[in-house]
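Some notes on the structure that comes next.
Just so it is clear, none of the values below were taken in a lab; they were calculated from the coordinates. Source: prediction; values computed, not measured. So basically every Cβ, Gly included, is an ideal-geometry build from the backbone, and we count neighbours across all protein chains shown.
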Amino acid sequence: MSVKVIGQQAIPNMPWQDRPAGCNDVVWRYDANPIIERDILPTSNSVFNSAAVPFEGKFAGVFRVDDTSRQMNIHAGFSDDGIHWNINPERIHMLGDDPEVTDFYYAYDPRVCFIEDRYYVTWCNGYKGRPTIGVAYTYDFKEFHQLENAFLPFNRNGVLFPRKINGNFAMLSRPSDSGHTPFGDIYYSESPDMEFWGRHRHVMSPSKGWESTKIGAGPIPIETSEGWLMFYHGVLTSCNGFVYSFSAALLDLEKPWKVIARCTPYLLSPQKIYECVGDVPNVTFPCATLCDADTGRIAIYYGCADTCTSLAFCKVDEVVEYVKKNSQF
Ligand code: BMA
């Protein structure tokens with residue numbers, strides 16, 4: 001492997017399948033997708049756009065669960081193999097002193113990021129019914145301590161970096177509006193304490209084709225010798241609505257608002273029946289990766305059609321090479 005993965009642990013037991021014979025795709029799907037069906041809980045309408053991390057030799061995660069009243073919430077879950085999940089039927093109840101912060105209206109699209117000594121969770125948080133970036137931390141996926149919302153509404157897709165940059169915590173986000181926003185750029189911000197965020201920088205705007213309407217960061221960026229590998233979703237507006245695909249870009253390690261390379265084609269788009277048919281058709285929405293430091297194997301967790309959760313696989317050196325070779329810069 002020529003590309004070095006930095007700051008990741010070995011995850012020998014992570015989910016993995018070799019690229020199927022005859023497949024030339026850089027990213028390929030798990031052959032038993034979806035791994036989490038919509039009705040995994042008695043009260044779930046759908047489970048999608050969710051995040052998994054290595055935890056105590058196994059796996060833990062935070063899951064977007066829309067229930068059968070169509071309330072959007074986040075739930076903790078555990079897994080021995082990263083594929084079969086036990087999701088807590090009860091939503092996460094955040095601990096915190098200030099009900100102004102903890103009494104939120106809804107929670108969706110979580111990401112989980114291990115930094116220094118704990119797992120931080122970011123999600124789209126309905127503050128007074130307006131989407132912004134909620135932030136919490138946990139050590140055990142049982143107790144979650146909620147911090148201040150990172151930004152003013154309207155914002156979505158808050159994605160932390162797994163280490164401090166320039167001495168500060170760092171986060172990508174996607175300022176937006178109150179509805180199904182028809183625009184959206186990725187921005188970068190820093191914070192000395194996970195509470196006050198500033199030094200906002202513009203990272204990327206929508207571009208052509210599959211990402212022509214809006215873009216948003218997906219999983220926690222992976223640090224490599226070639227830059228931060230950032231998977232991100234992009235949206236095309238078709239005559240029949242939004243189509244969510246995803247691809248990847250490389251960002252400068254110390255100035256992540258500088259884009260080194262950005263892939264022109266998508267890496268995965270909605271093509272399988274479980275990606276094309278569901279509550280919102282034609283959505284593939286990645287929120288987490290597992291990356292094995294030893295082999296460079298990556299497992300991508302992505303939501304399908306706002307209904308269920310699937311897995312896809314790739315190798316870090318192949319993705320980096322493909323992004324560079326097909327870069328629009
Ligand atoms: C976005 C978010 C995602 C969802 C997508 C497609 O705005 O709400 O949770 O997957 O739309 O509906």
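Just a few scattered comments:
- Hydrodynamic radius (Kirkwood) for the stretch 71-175, which is based on Cα pairs only, to one decimal in Å: 14.2 Å
- Within a straight-line Cα-Cα reach of under 22 Å, Lys128 cannot be paired with any lysines, leaving aside sequence neighbours fewer than 8 residues apart in one chain.
- Within the listed set Ser238, Ser50, Ser269, the Gaussian network model of the chain (springs between alpha-carbon atoms below 10 Å) gives the highest mean-square fluctuation for Ser238.
- Separation of alpha-carbon centers, the stretch 127-199 and the stretch 302-329, rounded to whole Å: 23 Å
- Dimensions of the chain from C-alpha coordinates, computed as largest minus smallest value along each principal axis and given longest first, are 52, 46, 43 Å.
- Per the Cα gyration tensor, the stretch 177-231 maps to an equivalent ellipsoid with semi-axes of 22, 18, 10 Å, ordered largest to smallest.
- Under 18 Å of direct C-alpha separation, and excluding same-chain neighbours fewer than eight residues apart, Lys214 reaches these aspartates and glutamates: Asp109, Asp177, Asp185, Asp306.
- R0 of 51 Å, Cβ-Cβ distance Gln71-Asn24: FRET efficiency to nearest 0.05: 0.75
- Largest-first ellipsoid semi-axes for the stretch 1-116, taking √(5λ) over the Cα gyration tensor eigenvalues, angstrom: 30, 20, 13
- Violating pairs (Cα-Cα greater than 18 angstrom) within the set Lys4/Lys315; Lys255/Lys325; Lys258/Lys324: Lys255/Lys325
- From largest to smallest, the equivalent ellipsoid semi-axes obtained for the stretch 6-53 from the alpha-carbon gyration tensor read 26, 18, 10 Å.
- When Rg and the Kirkwood Rh are both derived from Cα coordinates, the Rg/Rh ratio for the stretch 107-231 amounts to 0.95.
- Across all C-alpha atoms in the stretch 220-328, the radius of gyration and Dmax reach 14.2, 45 Å.
- Debye intensity ratio I(q)/I(0), log10, the stretch 50-91, q values 0.16, 0.31 Å⁻¹ (C-alpha model): -0.39, -1.04
- Using a Förster distance of 30 Å, the FRET efficiency for Glu116-Gln328 (Cβ separation, nearest 0.05): 0.30
- Of all aspartates and glutamates in the structure, those lying under 14 Å Cα to Cα from Lys58, and not within fewer than 8 positions of it along the same chain, are Asp80, Asp81, Asp140, Asp292.
- Our estimate of slack between Ser2 and Asn86, defined as 0.36 nm per intervening residue step minus the Cα-Cα distance, is 26.6 nm.
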